Amino acid sequence: MTASTANASAVVGLQWGDEGKGKLVDLLAPQFDAVVRYNGGANAGHSVVVGGERYALHLIPSGILSPGVYAIVGNGVVVDPARLLEEMKILSDRGVDVSKLVISDRAHVVMPYHKEEDALREELLSSSVSDQTSASCGVIAAIGTTKRGIGPAYADKVQRATAIRIGDLLCPAVLREKLTMICSMKNAVLNALRPDGQASFDPDGIADEMIALGEQLRPMVKDTAYLLDDIRKAGGTILFEGANATMLDVDHGTFPYVTSSNSSALGMGPGTGVPPQAIGRIIGVVKAYSTRVGGGPMPTELFDGVGDEIRTRGREFGTTTGRPRRVGWLDLVALKYAAMISGATELCITLLDVLSGEDELKLAVAYDMPDGRRDRFIADGHALVDAKPVYETMAGFSQEITGARTFDELPDEAKAYIQRIEAFVGVPVGMISVGPDREQTIVRA
Ligand code: IMP
């Protein structure tokens, strides 16, 4: 018998990442028995502030900060073992209990050659200008990846024979045999990509390193699909922690300017083995404005002083790469689409405090395209380049709101802004974050 009740919830970003999911997961985690990552890898960067201390997590679920809660890295995650162990050490050194961390034996491993391939591909893409210059296709450009080897690791997963899973690290003989074949293939491919043609990944050296890392991970490695089912059968509850975000989903985002996993809520099933009927509540996290790191279209991007003000106030610099984030007004066309794809049952608006001080607030409610106006999103990174946002302008607010703890304490203009978002998207706003601390959160009844 398997568990059949919808006792799982999810927190998923509805924009291009960095919506503040980490804070929300940390806030909700104590109510759950397990917090589970289902996609992405060390490309994600979740910062959580607890008691004034900031924690930057990349691979470990933010739920790790809640004592007694399982923090599970599901099979859909691509794991860089050295980074994972480093992150564990940083947490333990700061007194965080990491004993409830569990890693799926079926999660795929990010290997050293994946990182090299990621960087080489990006370099080649940024230096080669395609001849596809028509306005509707745009020019093929670098994706602006985090260079953490994410795309090549997922590519090997789909290629199958050249993939290494966490479970393989625990079987030295199998690993050595696989790496002999894989390194000869990788060296040949990377020689073609490298300007010096000198790729020389050594299977024995990599195997020694990976076997040693695997030994450190061994106590944490489990079949997490069974673990999650056991938790559910015992009446326990699960919180899924989405990494990256819906607009970066490889199938439904602004392809090809996306990440390489199903980073919308749709990735939960394949990335963990938990069936769809388990998921009852999906909280879509949305910044009060838009940001994006890396390449790809962003119709509401701001290139003026307003964008700079928001970037500075919102400290919009990447947690993973430190890159300044691109900033823009909230795009309701994109948001309504993302809420549809991720099946958001409620919204959590974050960083509302950052908008304090703007005289007016703009919301994109349609796009003007060369062939007319449309109110539906275009999930194509090339076609979307032509979208000119049609804005609705609302009054801004200047009051400091970081101390607000109820909806009624917000200025009327901020309330109207929130109400406009929920009316347009058709999904209620259940939570509003007005600062980085756990306490700086408004929960609407
Ligand atoms: P990759 O995931 O490193 O391959 O990068 C692909 C694209 O997704 C790049 O534009 C990255 O900047 C972006 N990206 C990946 N993960 C995140 C994230 O967690 N937040 C914001 N952007 C991300």
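Residue under question is E177, and the condition is that it be modelled with pLDDT under 95, surrounded by fewer than 20 Cβ atoms within 10 Å (Cβ to Cβ) and in a helix (DSSP H, G or I); does it hold? For E177, the condition - modelled with pLDDT under 95, surrounded by fewer than 20 Cβ atoms within 10 Å (Cβ to Cβ) and in a helix (DSSP H, G or I) - is not met.
Restricting G235, G253, G284 to residues that are away from the ligand (no atom under 12 Å from the Cβ) and either in a loop (DSSP other than H, G, I, E, B) or closer than 28 Å to P81 by Cβ (or both) narrows the list to G235. When you look at T319, is it within 14 Å of the ligand (Cβ to nearest atom) and part of a loop (DSSP other than H, G, I, E, B), yes or no? Yes; evaluated as a whole, the condition is true for this residue.
The residues in the stretch 307-325 that are open to solvent by 40 Å² or more (accessible area, probe 1.4 Å) and β-branched (V, I, T) can be counted, and the count is 3. Among the conditions (1) open to solvent by less than 30 Å² (accessible area, probe 1.4 Å); (2) under 18 Å from the mean Cα position of the chain (by Cα); (3) within 23 Å of T145 (Cα to Cα), the only one that G328 does not satisfy is (2).
One residue alone among G41, G51, G45 is within 14 Å of the ligand (Cβ to nearest atom) and within 24 Å of V434 (Cβ to Cβ), and that residue is G45.
Test F303 against the criterion of being in contact with a Lys or Arg (Cβ under 8 Å, 6 or more places away or on another chain) and either surrounded by 23 or more Cβ atoms within 10 Å (Cβ to Cβ) or of a type in the set (F, W, Y) (or both), and give yes or no. So F303 does not fit the description; no. Take the conditions (1) open to solvent by 10 Å² or more (accessible area, probe 1.4 Å); (2) assigned to a strand (DSSP E or B); I432 misses just one of them, which is (1).
Residue-level check: of (1) touching a helix residue (DSSP H, G or I) at 6+ places or on another chain (Cβ under 6 Å); (2) within 16 Å of the ligand (Cβ to nearest atom); (3) not in a loop (DSSP other than H, G, I, E, B), S263 misses just (3). Among the strands (runs of 3 or more DSSP E) confined to the stretch 333-423, the ones with at least 2 residues that are open to solvent by 10 Å² or more (accessible area, probe 1.4 Å) and not small (G, A, S) are located at 360-369, 372-374, 388-395. The set of residues from the stretch 287-300 being within 14 Å of the ligand (Cβ to nearest atom), among the hydrophobic types (A, V, I, L, M, F, W, C) and either without any contact (Cβ under 8 Å) to a residue 40 or more places away in the chain or open to solvent by less than 20 Å² (accessible area, probe 1.4 Å) (or both) comprises just one member, M298.
Among the residues of the stretch 198-214, are any more than 32 Å from the chain's Cα centre (by Cα), at pLDDT below 95 and more than 30 Å from A8 (Cα to Cα)? Yes, the stretch 198-214 contains a residue that is more than 32 Å from the chain's Cα centre (by Cα), at pLDDT below 95 and more than 30 Å from A8 (Cα to Cα). Restricted to the stretch 1-99, the set of strands (runs of 3 or more DSSP E) holding at least 1 residues that are under 20 Å from L351 (Cα atoms) comprises 8-13, 46-50, 53-57. Candidates in the stretch 10-27 are the residues that are more than 10 Å from the ligand (Cβ to nearest atom), open to solvent by less than 10 Å² (accessible area, probe 1.4 Å) and not small (G, A, S); of these, the one that is farthest from the chain's Cα centre (by Cα) is D26. Tally time: how many residues in the stretch 155-174 are part of a helix (DSSP H, G or I) and either closer than 22 Å to V102 by Cβ or more than 30 Å from the chain's Cα centre (by Cα) (or both)? The number of residues fulfilling the criteria is 8.
The values are calculated or read from the model by the stated rules, or taken from the named source; none is laboratory data. Note that the structure is a prediction, hence the values are computed from the model and not measured. All Cβ positions, even for glycine, are placed from backbone atoms using ideal geometry, and neighbour counts span all protein chains on display. All accessible areas refer to the heavy atoms of the entire protein, side chains included, with ligands and DNA or RNA removed. Shrake-Rupley method; radii C 1.70, N 1.55, O 1.52, S 1.80 Å.
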